[in-house]
Structure formats: structure tokens, C-alpha cells
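Here the structure comes first, spelled out in C-alpha cells, and everything after it is commentary.
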């Protein structure tokens, strides 16, 4: 299994470190050709407007959409959540439109309003997940097909739709690897499905 981390801007090195701890081969994705070499992609936190513009400039956006449509799992964290949304509340910035959600940018406030909290996450058992929110968005609306996995103050902060996952927080900034493991399980599901279809 090879997992790509979009490495145009933001916290991609931290994601890579956790993936390697979990035994995954990783690749920093900067070229559209690299999208054909990976089994899953993480779009990290950072500045969503900048990442969106760079995706267009490096001709990555169409390739990501194509691979996602083919079933490759994609996981967007913080800025990545904004970029994979179908719609962004009161904003027209570039986005991939991979998930049937409306994202609300910087919805928890500015950098000084960053915080940590414990979340109850569907599918992770009784032990809460410590989550780090930094200029975080949230999912303002979740449409048909979206499975809500965690909420904070009545706001959706973790969700999945098929092969797409989105987190409003930064799972790469704690020692808890369960969210990355959840994404790896999603990739394994995808690979098993492809093998079954090929038979």
C-alpha cells in the first residue's frame, strides 16, 4: 500500500510520519503523474485558498477528481475538508467537489481561538479521541450519502461518504493514530474491492 500526501503547502510532513509509523509506504504528491502511483491520498491542513490555487497550477485537481471517481480513497483534514467539499459557505474559492457537504471556513474563529477537545467518534469504541482544532472549519450541511462520525458543539467535524473522508481537526498533531488507521482501513477496502472486481 502506498499513500500519497499532497505536499503543496501545509502540514504534510506530520501526516507522513504517522503513516510510516503505521507501516505505510508514503509519497509526497506534487505532480499529476504521481497520482497514478498511489492507493489513497491525504489533503492536509494549511491555507485552503493557496492549496486550491496550487492544485490548479500544478494540474493536480482534475487528476484527483478522476482517481476519486475511480474509487481511490481521499482524506481531507482542516483545509483539506474545505477543498473536498461540494460547496463552501459564502466563498467561491477553488474546490474539488468530492463530498456532498457544505464547508464553513474558519468557523471556530481565528488562530488565537485554536483549541483541543475530546470527541466521541463513531466506530472507535468508548475511548474518546483528542482532537486539535486550528482555525478550523466545520461541516455546515451534510447531504445524502454522508455518514456523520463525530460532532463538537452540534457541529459536524468528522464524516465519510463512500471513499471520501473529511476531518475539521488535525489528527496528525496528536499521538492517537486511530483516525489514520480508519483511513488505511478504507484504502484496504478499496484495494480488496478492486481485486474482487478483477477476478
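Which of the numbered conditions does residue 101 fail, given that it passes all the others? Conditions: (1) free of Cβ contacts under 8 Å to residues at least 60 places away in the same chain; (2) farther than 15 Å from residue 176 by Cβ.
So the condition that residue 101 fails would be (1).
Say we look at segment 158-177 and pick out the residues that are more than 11 Å from the chain's Cα centre (by Cα) and outside any helix (DSSP H, G or I); which of these is nearest to residue 21 (Cα to Cα)?
Among those that are more than 11 Å from the chain's Cα centre (by Cα) and outside any helix (DSSP H, G or I), it is 177.
Would you confirm, using the coordinates I've provided, whether residue 12 is touching a residue at least 24 places away in the same chain (Cβ under 8 Å) and within 12 Å of the chain's Cα centre (by Cα)?
Working: touching a residue at least 24 places away in the same chain (Cβ under 8 Å): yes; within 12 Å of the chain's Cα centre (by Cα): yes.
In short, yes.
Suppose we filter 121, 102 for residues that are modelled with pLDDT of 95 or more, assigned to a loop (DSSP other than H, G, I, E, B) and surrounded by 14 or more Cβ atoms within 10 Å (Cβ to Cβ); which single one remains?
After applying the criteria, what remains is 121.
Would it be correct to say that residue 69 is over 19 Å from residue 16 (Cβ atoms) and loosely packed, with under 15 Cβ neighbours inside 10 Å?
yes
Filter segment 1-20 down to the residues that are in a loop (DSSP other than H, G, I, E, B) and in contact with a strand residue (DSSP E or B) (Cβ under 7 Å, 6 or more places away or on another chain) and list them by number.
1, 7
Being in contact with a helix residue (DSSP H, G or I) (Cβ under 6 Å, 6 or more places away or on another chain), outside any helix (DSSP H, G or I) and touching a residue at least 40 places away in the same chain (Cβ under 8 Å) is the filter here, so list the residues in segment 48-93 that pass it.
60, 71, 73, 74, 75, 76, 93
Being part of a loop (DSSP other than H, G, I, E, B) and buried (at least 22 other Cβ atoms within 10 Å of the Cβ): is that true of residue 45 here?
yes
Results for (1) loosely packed, with under 15 Cβ neighbours inside 10 Å; (2) within 11 Å of the chain's Cα centre (by Cα); (3) assigned to a strand (DSSP E or B), shown as yes or no for each residue.
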position	(1), (2), (3)
139	no, no, yes
145	yes, no, no
149	no, no, yes
179	no, yes, no
182	no, no, no
187	no, no, no
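When residues of segment 105-118 are filtered for being closer than 15 Å to residue 48 by Cβ and modelled with pLDDT of 95 or more, how many remain?
Within segment 105-118, residues that are closer than 15 Å to residue 48 by Cβ and modelled with pLDDT of 95 or more number 0.
Considering only segment 21-42, state which residues are in a helix (DSSP H, G or I) and within 17 Å of the chain's Cα centre (by Cα).
35
The values are calculated or read from the model by the stated rules, or taken from the named source; none is laboratory data. Computed from a predicted structure; not experimentally measured. Quick reminder, even Gly has a Cβ in these numbers, built from the backbone with ideal geometry, and neighbours come from all protein chains shown.
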